[in-house]
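S.K.: Can you keep this structure in mind? I'll have questions shortly.
The values are calculated or read from the model by the stated rules, or taken from the named source; none is laboratory data. No experiment lies behind these values; they were computed from the predicted model shown. So basically every Cβ, Gly included, is an ideal-geometry build from the backbone, and we count neighbours across all protein chains shown.
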Amino acid sequence: MKIKQILLASRPKGLPTLDNFKTTTATLPALNTGEVLVKPIYLSVDPYMRGRMNDAKSYIPPFQVNEPIESGGVGEVVESKADQFKPGDLVMSTNTRPFLPWATASIFPAGSLRKVDSSVPPSYYLGILGMPGLTAYFGLMDIGKPKPGETVVISGAAGAVGIVVGQLAKIAGCRVVGIAGGAEKVKLLTDIFDFDAAVDYKGNRNMSGAIAAACPNGVDIYFDNVGGEISDAVIQQMNFFGRVPLCGQISLYNSTEVPIGPRVQPKMVTYSLLMQGFIVGNYASRFPEGIKYLVELVKSGKLKYNETIEEGFDQLPDALLGLFSGRNSGKMIVKV
């Protein structure tokens, strides 16, 4: 069987371009006993993937040059030589990091796959019921520890993680302020996702003043998805005993030099702040807890969600690059 694959052609310096990817063809062998042929239906693109394009030690191995890129995905069984799967089953990888290669079809050992509930839209397993939703749940609840009446600020608030964080904070009884880029995203946060206020970082030259105006009682929890100057501004508004779940730093992922900014340690000491970085894999043993909580909220209508879905396997590289210009609203997914 002939398939298409998208490989990492070269390691980027600074912002990646389409030249860092290449599409090739390959031939899959016949299935052996205990194997399953899977065709991806949806593949995810996520900001952390930029780090995997570098040849650097991290919490996850880098992509290899001239090897297929991989990401979260939901697929359909096309052919099975395993008793537990049949054609038409929807599946995901059962690995701690549930990835599918960027290929139009792949062969998996049956033991590395799990069926997913088809009563839920399959794309949700890459977003609200997948890595972004679980990241929001554990980051906010375990590190942020929200209390009723507190003010929660979220950067990258219109992204896949930020939208869920904001709604979970509202459910916890907090006042929620989102930071996003552009008037359309700001309106989305307040009108659709019930944020109490939102700040347009693209339309405000004085972010410190804008955040202070949106948070007259200061900031108790800052869920940091972007870093950089936005985070510098928010941290200056933190209250005593504030908490900062450090989730992502997308504003810095394409930097070619070490950025220099305000030193946050004096503020942290004076105001007894807690800042803790985390990755969702830290909570792998508790994923069932998080999924159960999120599924109940989704099915009850208490948790809303949106997605940006690009069409076509060949659009994967462009969709990934679109994350860095803020093209997505909610989770960015490619429908293969």
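S.K.: Which of the residues belonging to the stretch 211-227 are touching a strand residue (DSSP E or B) at 6+ places or on another chain (Cβ under 9 Å), touching a residue at least 12 places away in the same chain (Cβ under 8 Å) and not charged (D, E, K, R)?
M.R.: Residues satisfying the conditions are Ile211, Ala214, Cys215, Asn217, Gly218, Val219, Ile221, Tyr222, Phe223, Asn225, Val226, Gly227.
S.K.: In addition: Quick one: how many residues across the stretch 263-286 are over 23 Å from the mean Cα position of the chain (by Cα), exposed (fewer than 14 other Cβ atoms within 10 Å of the Cβ) and not aliphatic (A, V, I, L, M)?
M.R.: 5
S.K.: When you go through (1) outside any helix (DSSP H, G or I); (2) aliphatic (A, V, I, L, M); (3) loosely packed, with under 14 Cβ neighbours inside 10 Å; (4) touching a residue at least 60 places away in the same chain (Cβ under 8 Å) one by one for Ile260, which number turns out not to apply?
M.R.: (4)
S.K.: Only one of (1) surrounded by 12 or more Cβ atoms within 10 Å (Cβ to Cβ); (2) at pLDDT 90 or above fails for Asn217. Which number is that?
M.R.: For Asn217, the exception is condition (1).
S.K.: Next question, about the same structure. What number of residues within the stretch 266-282 satisfy the criterion of being touching a residue at least 60 places away in the same chain (Cβ under 8 Å) and part of a helix (DSSP H, G or I)?
M.R.: Total satisfying the criteria: 3.
S.K.: Separate question: Across the stretch 7-40, which residue is farthest from Phe99 (Cα to Cα) among those that are crowded, with 17+ Cβ neighbours inside 10 Å and of a type in the set (Val, Ile, Thr)?
M.R.: Val36
S.K.: Could I ask something else about it? With respect to the numbered conditions (1) at pLDDT 95 or above; (2) β-branched (Val, Ile, Thr); (3) touching a Ser or Thr at 6+ places or on another chain (Cβ under 6 Å), which one is the sole condition not fulfilled by Val176?
M.R.: (3)
S.K.: Right, another one. Could you say which residue among Phe99, Phe63 is more than 16 Å from Gly312 (Cα to Cα), of a type outside the set (S, T, N, Q) and in contact with a helix residue (DSSP H, G or I) (Cβ under 6 Å, 6 or more places away or on another chain)?
M.R.: Exactly one of Phe99, Phe63 is more than 16 Å from Gly312 (Cα to Cα), of a type outside the set (S, T, N, Q) and in contact with a helix residue (DSSP H, G or I) (Cβ under 6 Å, 6 or more places away or on another chain), namely Phe63.
S.K.: Additional query: Give all pairs with beta carbons closer than 8 Å in which a residue from the stretch 1-29 that is small (Gly, Ala, Ser) meets a residue that is part of a helix (DSSP H, G or I) and loosely packed, with under 14 Cβ neighbours inside 10 Å; count only pairs at least 6 apart in sequence or on separate chains.
M.R.: Ala9/Asp19; Ser10/Asp19
S.K.: Scan the stretch 219-257 residue by residue and report those that are of a type in the set (D, E, K, R) and either assigned to a loop (DSSP other than H, G, I, E, B) or not assigned by TED's automatic domain parsing to the domain that holds Gly159 (or both).
M.R.: Glu257
S.K.: Considering only the stretch 324-336, how many residues are surrounded by fewer than 21 Cβ atoms within 10 Å (Cβ to Cβ) and not in a strand (DSSP E or B)?
M.R.: Selection size over the stretch 324-336: 5.
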